[in-house]
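*Asks:* Please read through the structure below; I'll follow up with questions.
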Amino acid sequence: MENSITDYKNTLLSIKDRVKKAQYKAYSHVNSEMILAYLDIGKVLSEKTKVGWGTSVIKQLSKDLQAEFKGMKGFSDRNR
């Protein structure tokens, strides 16, 4: 009986550890992809401002992106 309880506890700990590792990897991958996306967005906006996009266009783009991605941070016009 004692052996089966120990086996159960070890199995539970092993599964919990595996889930936590998977969650960490998933969060890490998502974070990496978001960083790459923000870098790409910054590059696009930098190019657009070089060809004449002004502050008012950037502000409107910011508002449109915030409306589309409610609750997501990083789309303020000051983040350029």
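*Asks:* Per residue, what volume in Å³ does the convex hull of the Cα atoms of the chain enclose?
*Replies:* 89
*Asks:* Going by the alpha-carbon gyration tensor, a ≥ b ≥ c the square roots of its eigenvalues, is the range 33-80 rounded (a/c under 1.5) or, if a/c is not under 1.5, prolate (a/b greater than b/c) versus oblate?
*Replies:* Note, shape of the range 33-80 comes out oblate.
*Asks:* Please rank PHE75, PHE69, fewest neighbouring Cβ atoms within 10 Å first, as an exposure proxy.
*Replies:* The most exposed by this proxy come first: PHE69, PHE75.
The numbers here are math on the coordinates, done by the rules we state, and not lab data. Not measured: the values here are computed from a predicted model. Using ideal geometry, Cβ is built from the backbone for each residue, glycine included, and neighbour counts are taken over all protein chains shown.
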